[in-house]
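Structure first, then comments.
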């Protein structure tokens, strides 16, 4: 077992437990009720590597979504949206950090604020939009889906930024 | 053949994504169509065990509330007991065979509760081995909670009244007009449900009590649901749409009672014979 695998396993378990035991009960009562979804930090923060690992990464994205579904009795909505952002992570990173991000082996905490904000927003909004669309499963409730997406994205973004700033290593 | 292998190897990321995405879409669609979560649900040893540990710890923070609820309920029941003790009952019951209790109540602890999603479920720590079966009613001392939907050996999943699939027969307490209780996540919040199909003739006032109607074999008649917070007529002007404020605090359920109707099987068999004819 090498160090990276252990770190990732612990991160996976801690994020799932934190999500289902704490965050799912911490409802935010501003303009409707929402829960922030911090667990997608696993997908957002997965170490940037060359394309060989992508297969495992996509599967792990699916697995963390499925774990959340298992705990929250929500069919497959978290699994679907997680595997989607897992797959879309590469194009999103190209979009926000520029084409050469793989060569630079850039860390998320070392990127500029603007780049980081674009990347995080893309990932979070895609995830939440997919999730709430699948949850309501009708075009009639587009207003509800959009309102919930925006609101939850905001809270998730704040939480993700906080967590990154707490746990990233200082240079 | 070589071409196909090359295609698969070249697009392996996309193909894996497609496979997993379709799988999760399938389970999502299944949960929408069949009104149940087939195998992705929290009534199993792993998730149930983890939720149990969490509930053991977080239960301490709500002890005061639960104790007060218990005292309130005890006071109410004692009051009933004292008041009925003096009244003389009919002297002699000759036939005691029909005197068995029709309803039995089981108690359970809520391990997991949600109220933010469109389909909300509770997980309770009693399952098939304790005699819990599908379609039993779940209540607290304050009012109704939901209906048992799935059971495993040691756990059961309860469809909350805050679930788009939930349909409960309800009636006004004063009169006997009854209708259907449902929940709409786009309009209601976790404190309010909607009562429809109450005819226009019914005298409806804000603050009136709504109870279960007893038209189904799930809930007995007369269990508290809530009070009317507002009402309006439908477009065709022949029925009311009533907003009901739940008497139960769905964000803090804690302990629940599960109702077993002994006559349920008989009623269902009778209904089946009617449908078959």
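May I ask you to sort A:156, A:163, B:65 by Cβ crowding, counting other Cβ atoms within 10 Å and putting the fewest first?
Details: A:156 25, A:163 16, B:65 12.
Ranked by crowding around the Cβ, least crowded first: B:65, A:163, A:156.
Let's test the formula: R0 of 22 Å, r as the Cβ-Cβ distance of residue B:221 and residue B:67. What FRET efficiency results, to the nearest 0.05?
Working: r = 29 Å, r/R0 = 1.33.
In this case the efficiency is close to 0.15.
Using only alpha carbons, build the gyration tensor for the protein assembly as shown and give me the equivalent ellipsoid semi-axes, biggest first, whole Å. Kindly include the intermediate steps, with their values, before the conclusion.
On the way: eigenvalues 462, 105, 100 Å².
So the equivalent ellipsoid measures 48, 23, 22 Å along its semi-axes.
Starting with the fewest neighbours, write out B:119, B:107 ranked by other beta-carbon atoms found within 10 Å of each beta-carbon. Could you put the intermediate results ahead of the total?
On the way: B:119 24, B:107 12.
Listed from fewest to most nearby Cβ atoms, that is B:107, B:119.
Helix A:142-167: angle to the longest alpha-carbon principal axis of chain A, degrees 0 to 90, nearest 10?
40
What is the packing order of peptides B:225-236, A:60-71, taking the mean over residues of other C-beta atoms within 10 Å and listing the highest first? All intermediate terms of the calculation are to be shown ahead of the outcome.
Working: B:225-236: 14.7, A:60-71: 23.5.
Descending packing order for the listed peptides: A:60-71, B:225-236.
Can you tell me the 0 to 90 degree angle between the C-alpha axis of helix B:264-276 and the longest principal axis of chain B, rounded to 10?
70
Between residue A:22 and residue B:269, how high is the FRET efficiency from 1/(1 + (r/R0)^6) when r is the Cβ-Cβ distance and R₀ = 45 Å? Nearest 0.05. Display every interim value, and only then the final one.
Details: r = 47 Å, r/R0 = 1.04.
With R0 = 45 Å, the Cβ-Cβ based efficiency is 0.45.
In the Gaussian network model of chain B, springs joining C-alpha atoms below 10 Å, which of B:170, B:108, B:239 carries the largest mean-square fluctuation?
Residue with maximal mean-square fluctuation among B:170, B:108, B:239: B:239.
Given an 8 Å cut-off on Cα distances and at least 6 residues of separation, report the relative contact order of chain B as a percent.
Details: 486 pairs, mean separation 46.8, N = 277.
Across chain B, relative contact order equals 17 percent.
Report, in deg cm²/dmol and to the nearest 500, the calculated mean residue ellipticity at 222 nm for the protein assembly as shown, where each DSSP H run with n ≥ 4 adds -39500 (n - 2.57) and the sum is divided by the residue count. Intermediate values should be presented prior to the final figure.
Numbers: 12 runs with 198 residues, N = 448.
Counting only the DSSP helices, I get -14500 deg cm²/dmol.
Among A:45, B:183, B:45, what is the fewest-to-most ranking by other Cβ atoms within 10 Å? The partial results should precede the final answer.
Working: A:45 19, B:183 25, B:45 12.
Lowest count first: B:45, A:45, B:183.
Using a Debye calculation, one point per C-alpha and no hydration shell, please list log10 I(q)/I(0) for chain A at q = 0.10, 0.15, 0.18, 0.20 Å⁻¹ in order.
The computed values of log10 I(q)/I(0) come out as -0.37, -0.85, -1.25, -1.54.
Taking the Cα atoms only, what angle lies between the long axis of helix B:63-85 and the longest principal axis of chain B, rounded to 10 degrees?
For B:63-85 against chain B, the angle is about 30 degrees.
If you wrap a convex hull around the alpha carbons of chain B, what volume per residue comes out, as a whole number of Å³?
Numbers: hull volume 65.9 nm³, N = 277.
So the per-residue hull volume is 238 Å³.
Given the C-alpha centroids of region B:242-269 and region B:158-187, what is the distance between them in whole angstrom?
11
Roughly how many whole Å is it from the C-alpha centroid of region B:10-29 to that of region B:43-78?
Spelled out, the Cα-based centre of one part sits 40 Å from the other.
Only the coordinates and a few stated rules stand behind these numbers; no lab work does. Nothing here was measured: the structure is a model prediction, and the numbers come from that model. In this analysis, Cβ positions are derived from the backbone assuming ideal geometry, glycine residues included, and neighbour counts consider all displayed protein chains.
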